[in-house]
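S.K.: Right, I'll just put the structure down here and ask away after.
The values are calculated or read from the model by the stated rules, or taken from the named source; none is laboratory data. In this text, all values refer to a predicted model and were calculated from it rather than measured experimentally. With ideal geometry, Cβ positions are generated from the backbone for all residues, glycine too; neighbour counts draw on all protein chains shown. Ligands, DNA and RNA are stripped out before the accessible areas are found, and what is left, the full protein with its side chains, is counted by its heavy atoms. Shrake-Rupley method; radii C 1.70, N 1.55, O 1.52, S 1.80 Å.
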Amino acid sequence: MDYLTIEYRGDVGIIGLNRPAKRNAISDAFIEELNTAITEVDSRAKAGVIHGHGPHFCAGLDLAEHVKKTPFEGVHGSRRWHEVFGRIQRGKLPWFAALHGAVVGGGLELASAVHVRVADRTAFFALPEGQRGIFVGGGASARTARLMGVSRMTDLMLTGRSIDADTAERWGIVNYVVDAGTALEAAVAMAAKAATNAEISNYAIIHALPRINDMATDDGLFVESIIASFTQTSPEAEERLNAFLQKRAGKVTNPNA
Ligand code: 1HE
């Protein structure tokens, strides 16, 4: 692969954005490689991690390529990002992102498509599209706005300012902030843990939760009850429930203990 690395640690597939000279800027060829990498990791792993090689996670859209596109090519490009990132958000696996340095524009859109985000203290976040004379096109108005809220995203886009990792955590953009240089290790550890869950539970978590969140409460509760009863009838659920009852499975840990 020209723009990505793929490695496996146990059941965890790790995709590394690997175009550091251009700050992992995402071109058309890059997005197609990402699509291929997702297919490969989907078939071999039980959880995935995305991280960036070099000083930054990702500088977003490849502006050198974009500047030469017609508006209609831009539409197709944007829709392709939606498809590929959609395969992460609503695909087979739970995905984690390890973030450091710049997580900007399309880089933040990619990070918004995964299920859990871990940032180290070097990470900074911005949506500079307004300053570049364009608009978000990789899913930020639907995904990133749901993480931080429309008001905060409007502020980021109008002012072009960057926020640090602690602010991103406060705003709901990232789930964890860790020491510089430790995000990948932390994300892989969490992905390895998620990989031990029942596959059907992980599937329900990543597919049902965001959809129910988009529904009216009454509809959501109904759908929840159907999914709950569906997961409960799997042989794996019976074995896991009995394992707890027979004291073969771990208890929930008390974080204060
Ligand atoms: C790029 C890109 C890019 C860097 N496309 N080539 N994204 C942005 O507006 C962010 C633009 N990038 C930056 O603000 C900075 O590069 C960073 C803060 C990310 C990193 O700074 P730094 O000092 O580490 O690197 P640099 O010297 O700015 O960049 C190194 C090289 O990468 C340089 O090329 P070189 O040939 O002069 O060495 C840069 O031109 C190149 N580079 N970022 C192309 N983005 C689907 S819609 C999504 C819409 C968006 O994502 S818009 C936001 C785009």
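S.K.: Taking only pairs six or more apart or across chains, which ones have beta-carbon atoms under 7 Å, a first residue in the range 61-82 that is in the same structural domain as residue 130 (by TED's automatic domain parsing) and within 9 Å of the ligand (Cβ to nearest atom), and a second residue that is polar (S, T, N, Q) and open to solvent by less than 60 Å² (accessible area, probe 1.4 Å)?
M.R.: As it stands, the answer is 62/27; 65/27, since those pairs meet every condition given.
S.K.: Run down 62, 120 and say which single residue is charged (D, E, K, R), modelled with pLDDT of 95 or more and more than 23 Å from residue 183 (Cα to Cα).
M.R.: Numbers: 120 fails: more than 23 Å from residue 183 (Cα to Cα).
Unique residue meeting the criteria: 62.
S.K.: Being open to solvent by less than 30 Å² (accessible area, probe 1.4 Å) and within 30 Å of residue 198 (Cβ to Cβ): is that true of residue 42 here? So that I can check it myself, show each step before the final result.
M.R.: Numbers: open to solvent by less than 30 Å² (accessible area, probe 1.4 Å): yes; within 30 Å of residue 198 (Cβ to Cβ): yes.
Taking the combined requirement at face value, the residue satisfies it.
S.K.: Only one of 107, 101 is in the same structural domain as residue 32 (by TED's automatic domain parsing), near the ligand (Cβ under 8 Å from one of its atoms) and over 12 Å from the mean Cα position of the chain (by Cα). Can you tell me which?
M.R.: Working: 107 fails: over 12 Å from the mean Cα position of the chain (by Cα).
It is 101.
S.K.: Six or more apart or on different chains, Cβ atoms under 6 Å: show the pairs whose first residue is in the range 17-30 and closer than 17 Å to residue 77 by Cβ and whose second is within 8 Å of the ligand (Cβ to nearest atom) and part of a loop (DSSP other than H, G, I, E, B).
M.R.: 25/59; 25/62; 26/62; 27/62
S.K.: Filtering the range 220-229 down to residues that are closer than 13 Å to residue 201 by Cα and in contact with a helix residue (DSSP H, G or I) (Cβ under 8 Å, 6 or more places away or on another chain), which residue is least open to solvent (accessible area, probe 1.4 Å)?
M.R.: The residue in question is 227.
S.K.: OK, next. Looking only at the range 206-219, count how many residues are touching a residue at least 40 places away in the same chain (Cβ under 8 Å) and crowded, with 16+ Cβ neighbours inside 10 Å.
M.R.: 1
S.K.: Right, something else. Can you confirm whether the range 77-88 contains a residue that is open to solvent by 50 Å² or more (accessible area, probe 1.4 Å) and in contact with a Gly (Cβ under 7 Å, 6 or more places away or on another chain)?
M.R.: The initial filter retains those residues of the range 77-88 that are open to solvent by 50 Å² or more (accessible area, probe 1.4 Å), namely 79-80, 82-83, 87.
Of the ones still in play, those that are also in contact with a Gly (Cβ under 7 Å, 6 or more places away or on another chain) are 82.
Scanning the range 77-88 turns up at least one residue that is open to solvent by 50 Å² or more (accessible area, probe 1.4 Å) and in contact with a Gly (Cβ under 7 Å, 6 or more places away or on another chain).
S.K.: Just to be sure before I move on: is residue 125 assigned to a helix (DSSP H, G or I) and open to solvent by less than 10 Å² (accessible area, probe 1.4 Å) in the structure I sent?
M.R.: On the way: assigned to a helix (DSSP H, G or I): no; open to solvent by less than 10 Å² (accessible area, probe 1.4 Å): yes.
No, not satisfied.
S.K.: Here's another thing I want to ask about it. Would you check if there is a residue in the range 150-164 being open to solvent by 30 Å² or more (accessible area, probe 1.4 Å), under 11 Å from residue 117 (Cα atoms) and of a type in the set (A, V, I, L, M, F, W, C)?
M.R.: Scanning the range 150-164, I find no residue that is open to solvent by 30 Å² or more (accessible area, probe 1.4 Å), under 11 Å from residue 117 (Cα atoms) and of a type in the set (A, V, I, L, M, F, W, C), so the answer is no.
S.K.: For residue 257, work out the one condition from (1) modelled with pLDDT of 95 or more; (2) of a type in the set (A, V, I, L, M, F, W, C); (3) open to solvent by 100 Å² or more (accessible area, probe 1.4 Å) it doesn't fulfil.
M.R.: Every condition holds for residue 257 apart from (1).
S.K.: Here's a follow-up. Could you list, in sequence order, all residues of the range 236-257 that are in a loop (DSSP other than H, G, I, E, B) and of a type outside the set (Lys, Arg)?
M.R.: Filtering the range 236-257 for residues in a loop (DSSP other than H, G, I, E, B) gives 246-257.
246, 249, 250, 252, 253, 254, 255, 256, 257, listed by residue number.
S.K.: If you check residue 180 against the conditions, is it in contact with an Asp or Glu (Cβ under 7 Å, 6 or more places away or on another chain), touching a residue at least 12 places away in the same chain (Cβ under 8 Å) and assigned by TED's automatic domain parsing to the domain that holds residue 88? Walk me through it before giving the result.
M.R.: Working: in contact with an Asp or Glu (Cβ under 7 Å, 6 or more places away or on another chain): yes; touching a residue at least 12 places away in the same chain (Cβ under 8 Å): yes; assigned by TED's automatic domain parsing to the domain that holds residue 88: yes.
Yes, satisfied.
S.K.: Can residue 184 be described as of a type outside the set (Phe, Trp, Tyr) and surrounded by fewer than 17 Cβ atoms within 10 Å (Cβ to Cβ)?
M.R.: Numbers: of a type outside the set (Phe, Trp, Tyr): yes; surrounded by fewer than 17 Cβ atoms within 10 Å (Cβ to Cβ): no.
It is false that residue 184 is of a type outside the set (Phe, Trp, Tyr) and surrounded by fewer than 17 Cβ atoms within 10 Å (Cβ to Cβ).
S.K.: Also, I was wondering about something else. Suppose the filter is over 15 Å from the mean Cα position of the chain (by Cα), more than 22 Å from residue 67 (Cβ to Cβ) and open to solvent by 30 Å² or more (accessible area, probe 1.4 Å); does residue 143 pass it?
M.R.: Details: over 15 Å from the mean Cα position of the chain (by Cα): no; more than 22 Å from residue 67 (Cβ to Cβ): yes; open to solvent by 30 Å² or more (accessible area, probe 1.4 Å): yes.
The answer is no for residue 143.
S.K.: Next question. Residue check: is residue 48 open to solvent by less than 20 Å² (accessible area, probe 1.4 Å), within 9 Å of the ligand (Cβ to nearest atom) and not hydroxyl-bearing (Ser, Thr, Tyr)? Give the steps one after another, and end with the answer.
M.R.: Details: open to solvent by less than 20 Å² (accessible area, probe 1.4 Å): yes; within 9 Å of the ligand (Cβ to nearest atom): no; not hydroxyl-bearing (Ser, Thr, Tyr): yes.
No, not satisfied.
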